[in-house]
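Chemist: Below: one structure in structure tokens.
The values are calculated or read from the model by the stated rules, or taken from the named source; none is laboratory data. Values in this document were obtained by computation on a predicted structure and should not be read as measured data. FYI the Cβ positions are ideal-geometry reconstructions off the backbone, even for glycines, and counts take in every protein chain you see.
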Amino acid sequence: MGRTKRRIAIGLLTTLMMLILVAIVSQSAAAHASTAPAALPTMPPTPTGADNQVCLGCHSNPAQQMKAANGEIISLYVDPDALKNSVHGAQNIACVMCHTNISGYPHPEYKPADRRQVTLDLYQACKQCHGDNYQKTLDSVHQKALASGDRLGAVCTDCHGAHDVRPPDQPRWRIALTCSKCHDAIFNQFKDSVHGSALQQDNPDVPSCVDCHGVHSIPDPTTAAFRLKSPTEMCGKCHTDPKRMGKYNISTSVLNTYVADFHGTTVTLFEKQSPDQQTNKPVCFDCHGVHNIASVQDPQAGLEIKSNMLMVCQKCHPDATTQSFAASWMSHYEPSPTKYPVVYYINLFYKIFIPVILGFMALMVILDAAWRIRNRAAGQKEA
């Protein structure tokens, strides 16, 4: 009986110790759960979107955060709905396909200098799937800013987002909103312009930022080369399109009339022969504005208003003081019997006169050649 009592006592004592140990472990785990997750299983070798639930087991907690070296608190929260509704979520792409250095828990130790350092470290993952677009960014003005030491130069996730990546042009106004995150002063000008106002109405015929500046390989817009190319490669792409301009009764001859003018002829010569050299002759946006382009009928800035035109001319011609100076330039209008009739009839005269004179001279040359050939042939027969 004594042995039996001892065995029972030992069993009860062991059970009590196990219960105490379990209670201590449970309390520790509960306290730890607010700041760090419990041990997670290792990710399988072939990740799928289902694995995201493992990651979201911790990262769907808004309290998840880390501290940078400079003391900044960086949220590690991922909105499950935003991730699911993103372009990556729709394709069932797993978290570890971007976060390739993470295969389980605990994660590798990571102590960024600040919040920006996290972005600069992680955006490189984009090139794994988007190599072509990533390569284009390497020549962009944004990448050059980064290379020069400007850590605020835009990278992939600054424009597209990280976990909430959505189609960047649906609607197209979304593009301008994206650019406004860094270029808010320009955005404020653009949104009230003739292009920006129409873009907000989802008009497909007006340009967004990327239509003029490019998407990933964005060039420096302050260079001479960009300026010289702008009439043909930027403005001309839309304003010479008959289908697009026909909807708004806008002439498609604006580029041709500009190139035929002294201003445009000079710019074209520079573009072909000296693309890196500045010229003091105006291009489209020197007269119409850059981001704040107004309708030509706008009473405050429209160039069909001669007083507005005069102010534009005075940028290069400060001695111009009367509206007759501005009125003397025909602008992009083609002469007709009712508009600039003198110019129209002079042009018509030369269109008829020059071909007639050249045709008459060509006929004289042909007749002379025929006469000489005939005389030479007759002389050979006599001989």
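Chemist: Just name the residue that is farthest from the chain's Cα centre (by Cα) out of those in region 83-97 that are farther than 14 Å from C55 by Cβ and not polar (S, T, N, Q).
Modeler: That would be A90.
Chemist: Surrounded by 14 or more Cβ atoms within 10 Å (Cβ to Cβ) and part of a loop (DSSP other than H, G, I, E, B): which single residue out of N70, N61 fits that description?
Modeler: Selected residue: N61, the only one of N70, N61 that is surrounded by 14 or more Cβ atoms within 10 Å (Cβ to Cβ) and part of a loop (DSSP other than H, G, I, E, B).
Chemist: Looking only at region 73-102, filter to residues that are among the aliphatic types (A, V, I, L, M) and outside any loop (DSSP other than H, G, I, E, B); which one of those is surrounded by the fewest Cβ atoms within 10 Å (Cβ to Cβ)?
Modeler: Ranking the candidates gives I73 first.
So that you can scan it fast, the table gives a plain yes or no per residue for (1) within 16 Å of C284 (Cα to Cα); (2) in a loop (DSSP other than H, G, I, E, B):
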| site | (1), (2) |
| --- | --- |
| H163 | no, yes |
| I175 | no, no |
| D202 | no, yes |
| C212 | yes, no |
| P231 | yes, no |
| M234 | yes, no |
| N249 | no, yes |
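Chemist: Here is a check on your reading of the model: is P231 in contact with a Phe, Trp or Tyr (Cβ under 8 Å, 6 or more places away or on another chain) and not polar (S, T, N, Q)?
Modeler: Against the criterion (in contact with a Phe, Trp or Tyr (Cβ under 8 Å, 6 or more places away or on another chain) and not polar (S, T, N, Q)), P231 qualifies.
Chemist: Residues in region 312-342 that are surrounded by 14 or more Cβ atoms within 10 Å (Cβ to Cβ) and assigned to a helix (DSSP H, G or I): how many?
Modeler: The number of residues fulfilling the criteria is 5.
Chemist: In addition: Pick from region 109-151 the residues that are of a type in the set (S, T, Y) and surrounded by 14 or more Cβ atoms within 10 Å (Cβ to Cβ): which of them is farthest from Y77 (Cα to Cα)?
Modeler: Going through the qualifying residues, I end up with S140.
Chemist: Residues I357, I352: which one is under 30 Å from S251 (Cβ atoms) and at pLDDT 90 or above?
Modeler: I352
Chemist: With Y105, Y134 as the choices, which residue is under 28 Å from G214 (Cα atoms) and in contact with a helix residue (DSSP H, G or I) (Cβ under 9 Å, 6 or more places away or on another chain)?
Modeler: Y134
Chemist: I'd like to check something: does region 103-112 contain any residue that is aromatic (F, W, Y) and in a helix (DSSP H, G or I)?
Modeler: no
Chemist: Any residue at all in region 130-137 that is outside any loop (DSSP other than H, G, I, E, B), β-branched (V, I, T) and under 18 Å from the mean Cα position of the chain (by Cα)?
Modeler: Checked against the condition, which is being outside any loop (DSSP other than H, G, I, E, B), β-branched (V, I, T) and under 18 Å from the mean Cα position of the chain (by Cα), region 130-137 yields at least one hit.
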